[in-house]
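Read-outs: derived from the displayed coordinates by stated rules, not from any lab. Because the structure is predicted, anything quoted here is derived from the model rather than measured. Glycine also receives a Cβ, built like all others from the backbone with ideal geometry; neighbour counts cover every protein chain displayed.
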Amino acid sequence: MSNRARYACGSIDHALSRRRFLGASGLLGASGLLGGVASLPSKVAGAIPKNDYRIVVFNMHGGLSQLESWDPKPSTNTGGPFRAIATSVPGIHISELLPKTAKQMHRLCLLRGVNTAEDDHGKGAYMMLTGRRQTPAAEYPQVGSVAAKMLHDDQTGLPGHIIITPGGGGGRGNEAAYLGPKFNSIHLGGDKPPQNSSKPDAIAQEAEDRRHLLRRKINEQYLSQRRSAITDAYTHSYEQALKLMERREVFDVSKEPQAAQDKYGNSELGRQCLVARRLLENGVSFVQITHSNYDTHNDNFNFHIEQVGEFDLAYATFIEDLAERGMLEKTLVVVLSEFGRTPNINLYYGRDHWSKAWSVAMAGAKVVPGAAFGQTNKEGTEVIDGQVDHGDIFHTILRGVGVDSSQSLIVDGRELPIADPAAEPIWKVLV
Amino acid sequence: MFGRGLVHPLDMRHFDNPASNPELLKILTDSLVESKFDVSLILKQIALSDTYRRGRRTPLETQVDVRGVLQVQSAEAIAWRAQLTEKLAVAKSAIPAAENAWKEKQTTFDAAADAWREIQKTRISIRAELDVAEAGFNDANKKFIDAVAAFDKASAAHQAIAKKTALLDEAAQKLEQAKALGDDPEIQASIVATRAKIEALKPQITAAELAATTAATARDASLAAKEAKRVEWKSVVDRLTPVEEQLQQADRAMTLARAGFQESRQLAANLSQRIERLERVAIWFDRSADAAVAGTQLAQLSQQMPSLQESLVVANNEKIAMEQAMLGLEATMAETSKQIEPMAGKWKELVAQKDQLVAAKSQLTVAAALVADAGPLQGAIAQIDASLATRQSELVPLEALLKQLQVNLAEMQKKVEENKLLIANAQSKVQAQQTALDTHRASIQTLQTQSDKLAQECATQRLEVDQHCQEIFAIAPERALSPEQFGWSILTATNIMSSYISNEKAELDKNAPLASDAPPAEHYARLLQSVRGARDKLQGNIDTFSNLYSSGVGQTSDDFFASPDQALFVANGGSVYGWAAPNGNNLTNLAIQNPDPRSAVELLSRGLLARAASPSELEWVPELIAKNPEAKPAVFHELVWGILAGVEFRIYP
């Protein structure tokens, strides 16, 4: 890390963890409560039939350059120094920084006409993960919470919504919004199992069992007098924790054969991918992997050689691994950022924030494989075909895993559409 | 003091975030100003308020178990049920009155509406008249204006001719004057011509004069007509004005009546809703009581079970003993039969020999009677007799024995028969016991199913009933401690905070000892400084809580999060379990040192949860310790941890 270029824009977003950032914008969110979205307790009407689809999101934190990845414009003023290379799908070319991914192109679906019109890190991330623009009037659940609610089976003993970030930790944001505390994420720091998930050696098994028995007996006393969504969520969290301790080995990458570990590359991202695969295999419905930090206001090209190279190996291996295991049919893998980067190359050989014409990649589940949807003009400054925004992508992600994105949930008597009713799934990329 | 501000969140005071109870805020503000900002007074007022002193439990909640089933049908529970019935009766008896009131208000409203409609009708007809009158006036006005114009025109025409005549007259006079200066035939001719012209104009003047006069008359007439119309119009307006006023009054009356009607209807609806809630609570309560009764019966039946099982075993044992005796008897019989067999054989043989001997003797006797010398025959007879006697002597005891044995056998046979009956009896007794047991088991099963079903129903209705109870009995709503409150509460409850404070103070005292005669204010300042120091040192721990339980340090958030990573921190993070460990004078240690486990439990309950220990807690904790006395320190350590990790510590009231 130390020899890496200093490139980021130095905005406060990088100093805080992303989630803390969302928490900070939660200043607005708090007043959102006035809008009537009660944070507690949530009674969501009706049982929603679960399916065994899963979602993985690669959050390319800071803003991946579409020109150095999915939508190269070689030999133009804006294209930068890299070439475009052929892929396993004739006619689709991607940046030469993604040679391994190019071989997986027949499994991918590129959205090259993304226009979200929001150049702020926090707001852009909020939009991409919730499918809506941030508003003081209401808080909306993130895709991970929706997936946990719609897809996750509690019987697995594992949480349904997991976010892996390099540092882990940080404060929590209310990702689940009105879905209720149960669907907020569990944070993993890099490739490590959840903190405190093993029993301290100092506590003997007998004492361990007894103290939890005592805790339950104490709770019984209170619960006999009062029970509510809060008390249930609180007591449930302890039982969930115990189940999670039992299944701790799922988080342990070292249980994988050395060959598998090598295949994913000796990078934290590679290990994150491997953890993600293990979690998916064990029934976790949503995993968000974070690759940080693409905010290359300076020295964009050297940085992308380094960072995209690391991504290429881990991501291509991940896609291939899922495909070989037959998991890709049921797993939707989305690569997104908060926005793309400017076609214009600035004084410092950097690219700045750019949300007018950028790309998102999807693969697996019900998304059409081997396709590129949408097009930007010759220099990549404008979308000329197949323009989509965050709302459309959110709908598409849900449809991609067999969830009817037009449905509403009844929360405290209010009907809340799970995705923005003003947007629509991109039907052309769905099978 | 309530865990929630009148303005919430506290740091968001603006027009978009009004106080939940503006009137109360105003009263409190005014009284604070009036008392010259006496904060302790306002705190006292709040603390003495009915709202502050409200309990956190609904009356029913104190009596039920986790499933929502009444633990026992206590007198208190029965009293609560009676209270429910009473409330229900009160609410129900209020219904007719409310409905009457509602209907009455409706009648009032209808009457007001009718009155309004009547007035409106009058008003409409007058308005129509008004329209006619207004049109008439306008018409007359127009006519008047036309007449004025006609008069003006006629008058102008008359004036023009008069002016012309005057000019000619003047010319004629001038000509006369000129003629006087010197007679001129030309002038004379002009005079004549002018005079002729004047004469010619004369009839015209008369005509114009007449026209003007006629126009003036017409004008005056139309003015009069207009004024008449005006009067007419005014009279209609005069009639309309009071009607309009009446209408406005009627409108106000109707609005009032409507509001009253709606209010009373709302009251009746509220009452119905209250009744519905009360009924739901009552239904749940009855079901809960039924479940409790079923539970008690179940317990009784289950208690009877062992004695029934025991009787079955006893009966069965009896039966088995009899069967064994029977077997012994049968063995003896077989033995006897076995003994009888050879004896009977021998007896038969002896009898056969005897018969042969008797036959031989009778032949010999016959022969002896035929032969003269019967001597040798007699000898043979005697021999036979002797051997007969021998046989006889053997036969008699044998016979006796045999008979005896046969008697024995018969007796035994009889006994066997008797035994068989007895065994059959015992068998049926066993069967009866078995049936009784089965029936008992079945009734337990039925009761169990029934009780489970009731308990299930109670459990599912529980949340809803809690809601209703909160409304019916007006209890405080529950809230979770904020992450910071949670953290500091744990640190305080485990004495970590106080030991940090005393360490801080010791350090300060060591570095800058306070004079023994230092004023109390200085001591107080030192203490305050120690508290601040301790807080600074412990703040890092609180930050962990903020990050895990909320949006992070310094971020405002009202959201409640409950996720396994928090639980993992409390369970395995080391800090909380460590703080709960026995140390110095903390509650864990005091509990361990207390020789009476019951009072130790009471201490923990009061110290950590600010309530008395429940009877069941006073029972199971000491039981647990009694089972494993060496584990007492461990159990109390774990118990304290369990309380800190429990739902009651985090969620209040």
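For a distance above 14 Å, tell me the whole-number percent of Cα pairs in the range A:112-176 that qualify. If you can, show how the numbers build up before the last one.
Numbers: 1403 of 2080 pairs.
Here the long-distance tail beyond 14 Å is 67 percent of all Cα pairs in the range A:112-176.
Quick one: grab the alpha carbon gyration tensor of the range B:477-652, order the square roots of its eigenvalues as a ≥ b ≥ c, and give me rounded if a/c is under 1.5, else prolate or oblate depending on whether a/b is larger than b/c.
Details: a/c = 2.16, a/b = 1.25, b/c = 1.73.
Oblate is the answer for the range B:477-652, as a/c is 1.5 or above yet b/c matches or exceeds a/b.
Pop out the Kirkwood hydrodynamic radius of chain A from its pairwise C-alpha distances, inverse of mean 1/r, in Å to one decimal. Each step should come with its number before you reach the end.
Working: mean 1/r = 0.0449 Å⁻¹.
Evaluated on chain A, it is 22.3 Å.
How would you rank A:395, A:161, going from fewest to most other Cβ atoms within 10 Å of each one's own Cβ?
Details: A:395 25, A:161 30.
So the ranking, lowest neighbour count to highest, is A:395, A:161.
What number, rounded to the nearest 500 deg cm²/dmol, is the helix-based mean residue ellipticity at 222 nm of chain B, given -39500 (n - 2.57) per DSSP H run of at least four residues and division by all its residues?
Values: 15 runs with 536 residues, N = 653.
The per-residue figure over chain B is -30000 deg cm²/dmol.
Tell me the Kirkwood radius of the range B:305-450: reciprocal of the mean inverse pair distance over distinct alpha-carbon atoms, in Å.
Numbers: mean 1/r = 0.0484 Å⁻¹.
That comes to 20.7 Å for the range B:305-450.
Report the charge-dipole magnitude of the protein assembly as shown in Debye, nearest 20, computed about the Cα centre from +1 at each Lys and Arg Cβ and -1 at each Asp and Glu Cβ. Display every interim value, and only then the final one.
Numbers: 117 positive and 131 negative charges, 72 e Å.
Charge dipole of the protein assembly as shown: 340 debye, to the nearest 20.
Please name whichever of B:284, B:448, B:329 sits farthest to the positive end of the charge dipole of chain B, dipole taken about the Cα centre and charges placed at Cβ: Lys and Arg +1, Asp and Glu -1.
B:284
Arrange B:333, B:343 by Cβ neighbour counts within 10 Å, fewest through most, would you? If you can, show how the numbers build up before the last one.
Numbers: B:333 17, B:343 14.
Going from sparsest to densest Cβ surroundings: B:343, B:333.
Mind ranking A:54-61, B:268-275 by how tightly packed they are, going by the mean number of other C-beta atoms within 10 angstrom, highest first? Could the numbers behind the result be given before it?
Working: A:54-61: 24.9, B:268-275: 15.9.
Put in order of decreasing packing, that is A:54-61, B:268-275.
Starting from one equal scatterer on each C-alpha and no solvent at all, send me the Debye-based log10 I(q)/I(0) for the protein assembly as shown at q = 0.05, 0.06, 0.09, 0.10 Å⁻¹, two decimals.
Debye intensities relative to I(0), on a log10 scale: -0.61, -0.74, -1.20, -1.32.
What share of the DSSP beta bridges in the protein assembly as shown is antiparallel, in percent to the nearest 5?
Details: 25 of 50 bridges.
Antiparallel bridges make up about 50 percent of those DSSP assigns within the protein assembly as shown.
Please give the charge dipole size of chain B, origin at the Cα centre, charges +1 on K and R Cβ atoms and -1 on D and E Cβ atoms. Round to the nearest 20 debye. Spell out each step's value before the answer.
Numbers: 70 positive and 83 negative charges, 154 e Å.
So the dipole magnitude of chain B works out to roughly 740 debye.
Once you order the gyration tensor axes a ≥ b ≥ c over the Cα atoms, which shape class does chain B get: rounded for a/c under 1.5, otherwise prolate or oblate by comparing a/b with b/c?
On the way: a/c = 6.71, a/b = 2.46, b/c = 2.73.
Oblate.
Per-residue mean of other chain beta-carbon atoms within 10 angstrom of the beta-carbon, peptide A:229-239? Don't skip to the answer; put the middle values down first.
Working: counts 3, 8, 7, 3, 6, 11, 5, 4, 9, 10, 2.
Mean partner-chain Cβ count within 10 Å for A:229-239: 6.
Once phi is turned into ³J(HN,Hα) by the Karplus curve 6.51 cos²θ - 1.76 cosθ + 1.60 with θ = phi - 60°, what whole-Hz value does each residue of the range B:399-411 show in order, with x for glycine and proline?
Ordered by residue, 3J(HN,Hα) equals 4, 4, 4, 4, 4, 4, 4, 5, 4, 3, 4, 4, 4 Hz.
Would you mind working out the magnitude of the charge dipole of the range B:113-256 relative to its Cα centre, with +1 at each Lys and Arg C-beta and -1 at each Asp and Glu C-beta, to the nearest 20 Debye? Walk me through the numbers before you get to the answer.
Details: 21 positive and 23 negative charges, 32 e Å.
The dipole magnitude comes to about 160 debye.
For the range A:196-251, just the Cα set please: Rg and Dmax, both in angstrom.
When restricted to the Cα atoms of the range A:196-251, Rg and Dmax are 13.1, 38 Å.
Given springs between every Cα pair under 10 Å in a Gaussian network model of chain A, which of A:324, A:139, A:68 has the largest fluctuation?
Evaluated over chain A, the most mobile residue of the options is A:324.
For chain A, with the dipole built from +1 on Lys and Arg beta-carbon atoms and -1 on Asp and Glu ones, taken about the Cα centre, which of A:137, A:88, A:160 lies farthest toward the positive end?
The residue sitting farthest along the positive end of the dipole is A:160.
Using the count of nearby Cβ atoms within 10 Å as a rough guide to exposure, how do B:240, B:364 rank from fewest to most? Don't jump to the answer; show the numbers that get you there.
On the way: B:240 17, B:364 22.
Listed from fewest to most nearby Cβ atoms, that is B:240, B:364.
Taking H placed 1.01 Å from N in the peptide plane, check which residues at least 5 places from residue A:430 or on another chain put their amide H under 5 Å from its amide H.
For residue A:430, the qualifying residues are A:368.
Average partner chain C-beta neighbours within 10 Å, per residue of A:179-192? The partial results should precede the final answer.
Numbers: counts 0, 4, 5, 3, 1, 5, 2, 4, 3, 1, 0, 0, 0, 0.
Other-chain Cβ atoms within 10 Å of each residue's Cβ, averaged: 2.
For chain A, modelled as a Gaussian network with Cα springs under 10 Å, which listed residue fluctuates most, A:356, A:182, A:263?
Answer for the Gaussian network model of chain A: A:263.
What average count of beta carbons from other chains do you get within 10 Å of the Cβ of residues in B:572-583? Intermediate results must be reported in sequence, preceding the final value.
On the way: counts 10, 3, 4, 0, 0, 5, 2, 0, 1, 0, 0, 0.
So the per-residue partner count for this stretch is 2.
Could you compute the net charge surrounding residue B:295? Neighbours are other residues with a C-beta less than 12 Å from the C-beta of residue B:295; K and R count +1, D and E count -1.
On the way: positive: B:67; negative: B:65, B:290, B:452.
It works out to a net charge of -2.
Could you pull out every residue, at least 5 positions away or on a different chain, whose amide H is within less than 5 Å of the one on residue A:409? Hs are placed 1.01 Å off N in the peptide plane, and Pro or chain starts have none.
Here the answer is A:416, A:418, since their amide H atoms fall under 5 Å of that of residue A:409.
Residue by residue through the range B:536-544, what is 3J(HN,Hα) from phi via Karplus (6.51 cos²θ - 1.76 cosθ + 1.60, θ = phi - 60°)? Round to whole Hz and write x for glycine and proline.
For the range B:536-544, the Karplus curve yields 4, 5, 8, 4, x, 5, 5, 4, 4 Hz.
Name the residues whose placed amide hydrogens come within less than 5 Å of the amide hydrogen of residue A:376, ignoring near sequence neighbours (fewer than 5 apart) on the same chain.
A:384
Just want the answer: with Cβ charges of +1 for Lys and Arg and -1 for Asp and Glu, which residue in A:197, A:212, A:250 is farthest toward the dipole's positive end in the range A:196-251?
A:212
Please turn the phi angles of the range B:76-86 into ³J(HN,Hα) values with the Karplus equation 6.51 cos²θ - 1.76 cosθ + 1.60 (θ = phi - 60°), one per residue in order, whole Hz, x for glycine and proline.
Here the 3J(HN,Hα) series is 5, 4, 5, 5, 5, 5, 4, 5, 4, 4, 5 Hz.
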